[in-house]
Amino acid sequence: MRWLLLKDLRILRRSPLLVGLLVLYPVVIATLIGFALSRGPDKPQVAFVSEVPESAQEIELGGERIDVAQEAGPLFRAIDPVRVKTREEAISKVRSGDVLGAVVVPEDTTRKLQAGLEPAEIEVFYNAEDPVKASFVRDTIKSQVADANTALTERYAKVALTFLDLIATGGNYSFFGRDFEVLGLQRSEQILSEAQRGLETRSPAREQVASVIEFARLARENLDLSDDVLASVGTPIRVKQTQLEGGSTPLSSFAVAIAISVSLMFITLLLAAGALALEREENAFPRLVRGLVSRTGLLVEKAGLAAVCSMVVVLLMLAGLGLFVDLEWGRFPLWVAAAGMGALAFASMGLAVGTLTREVRAASLLCVMVSLPLTFLALVPSGSVAPLLYDVVRVVSALFPFKPTLSAMESALNDSGGIGVPLVHLAALFLAFGVASRLGLRRFAQR
Amino acid sequence: MSLPPPGGATVQPAMSDPATAEHSTSEHKREASAAAVLRAEGLTKRYGDREALRDISLSAERGELVAIIGPNGAGKTTLLSILAGIQQPDSGSVSRAPREIGWVPQQAAVYGKLTVKENLELFARLEKVDDPAATVDRMLDLTSLRDRADDQVGELSGGNRQRVNIAVGLLGDQSVLLLDEPSAALDPRQRERVWEFVLSLAEAGTTVVYSTHNVQEAERHAQRVLVLADGELLFSGSPRELEDTVERERGAAGRGDFEAAFVAFLRQRGH
């Protein structure tokens, strides 16, 4: 036992690459999973710009001055605000992926809040390229605006109820430094009742006063109910959402697109790489390429096999998922185009991986090791990492077929942008990996 | 004792540089040029700085059994790979195209998950033989594997797997067969069966060139041996002629013991 252990340690010591991978791989995967599945950081980076002039930051409600900037405090506690100076700058940051979204407070916000005649409107911009990211921004902003609305509605209701109480029961009211005595409906009713008793029984004025008394009573009694009504209505702030790019992929369809793309990737990669590695494992490759099959022909056969098999599987998957998710079957030709081109690109990549290995098991392991990090990398939302790092993530993702396949599948499943660009992207990757595979085969038959 | 080469059958060392190798007679050279079914000229192969083969020339005739022997790393497999068209030489040429030569690699190049028959059918179709079914039938009879035709190759013994391997190499009905260590990793009984099969092919007119580590196998079955060391062809002739060469150089020692003669020959030449 001891000698076996020593032997294994010696082998490990002589395999620094293997040891490095064994240690680094789980760390990298764990980090990427964290980025991809956390749906962004606790505090999403959101660009913020207020167009309200400094002099108009406060509103007065019921004699109480409210600083709008302070009211926005809870929002700033929920996000990581990136303060910018102009609306254009905010939009630009969303487009570039530096931030997850942007909040713009228009110039007339405080005026509308002060008047209370129409809701103030804040604008939210988000990038809809990634439905998860878009949903994350929407939910965060919506939640914070709902809180602000609740707080403001309470204040409006409190002020309104004070006025109503004044109208119903009367009292003192201060306006521009002067005190006013308000009679109120209750007191008016009492005064009118006393005045009515002084009138003759058959006097026409007595009947008219009686109707005014009745109105005052009814008004007072019904105003007592208005606090409930005021508490249940009122949306002082509305959110105007603007989608900058991408379509309107429902989250469920996005999940389907991810499921299809991941399945397509694994099936095609493993099949293509495994099938090619098998020729080497069985020592058949040299025999085949001695005039029986050309090397390019062999690659085409493996790519075709892997692509067709994986396409059949994912189309069956789509049919199954269609039972649970609303899919547009009229777009079936686009599904085939997206799955087909994605499968070819993955097959080409699988062949490139297959040329690196001598055994099926090694090819499979290599495929998993390569594809998993790339998948998670492609799902990292913008704004969750530093802008420079995100640019690197985008470049790396563009070099492999997962991201364009996901885009193509999204476009095929929903009208979430043109499918042409991702298909061309996949065609380019298919050719590039095809050339790499063909070059890889040159060393295949060497000892 | 090995038999002398049959009339006209010979394998020649480098023609361009006769001083680099020893050969039996000038008569053999002349005959070889006239009747060779396989000829290679000036084969050189480098792996980086290492020269795996250095200006090797040879020829073999119809029905001849030629053994390539030499120490590990001598270049035996590289030479066979180049003759088979698996690898390209850096310089030199082979007279036949790969498809005109049957090739049997050291490790069985057949699919373990396919049956014997399926393997033969697959390669017969890839070889584009006229009647694949008839060819497969013929190979099953030739290799005595008819009763195992429906067994997966992965379930066969090493000997039977090697027979399938050889059968696949013969599917194209080529007149030249190259075998790389055909009996390696086989037990004596399996080895015997493989050799019976190979000898029957040679008797039927197939030229067989094989590499082997087993010097006794070369002595017993080959009409010619090629001695390779460090990529150089040191000797070409019958096993008996190799013994004679050693005897001439160091007296009677080694006579009747081919392996001892072979080792002595290499030692005399600094290998």
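A few points about this structure:
- Listed by Cβ neighbour count within 10 Å, with the fewest neighbours leading, A:SER96, A:SER371, A:SER437, A:SER135 appear as A:SER96, A:SER135, A:SER371, A:SER437.
- Residues with amide H under 5 Å from that of A:ASP80, placed H, sequence gap 5 or more: A:GLN45, A:VAL46
- Residue-averaged beta-carbon neighbours from other chains (10 angstrom radius) around B:75-87: 2
- Of all beta bridges that DSSP places with both ends in the stretch B:127-271, some 50 percent have antiparallel geometry.
- Whole-Hz Karplus values for the stretch B:227-234 come out as 9, 10, 8, 6, x, 10, 8, 9 Hz, taken residue by residue from phi with 6.51 cos²θ - 1.76 cosθ + 1.60 and θ = phi - 60°; glycine and proline positions read x.
- Spin-label model distance (nm) - A:VAL392 vs B:ARG267, 7 Å beyond Cα toward Cβ: 6.3
- In order along the stretch A:202-213, the Karplus-derived 3J(HN,Hα) couplings, from 6.51 cos²θ - 1.76 cosθ + 1.60 at θ = phi - 60°, round to 9, 5, x, 5, 4, 5, 5, 4, 4, 5, 5, 4 Hz, and Gly and Pro are given as x.
- This model, with +1 at the C-beta of Lys and Arg and -1 at the C-beta of Asp and Glu, gives the stretch B:123-271 a dipole about its Cα centre of some 240 debye.
- Cβ-Cβ FRET estimate between A:ILE191 and A:ALA115, R0 fixed at 25 Å, reported to 0.05: 0.15
- Amide H to amide H, with H built 1.01 Å from N, A:VAL182 comes under 5 Å of A:GLY171, A:ASN172, A:TYR173, counting only residues 5 or more places away or on other chains.
- Pairwise centroid distance, computed over Cα atoms, of the stretch B:199-271 with the stretch A:326-364, Å: 54
- Members of A:LYS112/A:LYS142; B:LYS45/B:LYS117; A:LYS158/A:LYS240 lying beyond 29 Å, as alpha-carbon distances in this model show: B:LYS45/B:LYS117
- Pair A:GLU89, A:SER211: separation of 7 Å Cα→Cβ label points (nm): 6.5
- B:ALA204-A:ALA432 pseudo-label distance in nm [points 7 Å out on the Cα-to-Cβ vector]: 5.3
- Each of B:TRP103, A:TRP329, A:TRP335 was scored by other Cβ atoms within 10 Å of its Cβ. Listed from fewest to most, they are A:TRP329, A:TRP335, B:TRP103.
- Taking other Cβ atoms within 10 Å as a rough exposure proxy, A:TYR126, B:TYR47, A:TYR156 sort from fewest to most as B:TYR47, A:TYR156, A:TYR126.
- Inter-part distance where the stretch B:135-191 and the stretch A:406-439 are each reduced to a Cα centre, Å: 46
- Each residue of the stretch B:48-63 was assigned a 3J(HN,Hα) from its phi angle through the Karplus expression (A = 6.51, B = -1.76, C = 1.60, θ = phi - 60°), giving x, 7, 7, 9, 7, 9, 10, 6, 8, 10, 7, 8, 9, 10, 4, x Hz with x at Gly and Pro.
Bear in mind that the values in this text are calculations on the coordinates, not laboratory data. Fair warning: this is a prediction, and the values are worked out from it, not measured in the lab. Glycine also receives a Cβ, built like all others from the backbone with ideal geometry; neighbour counts cover every protein chain displayed.
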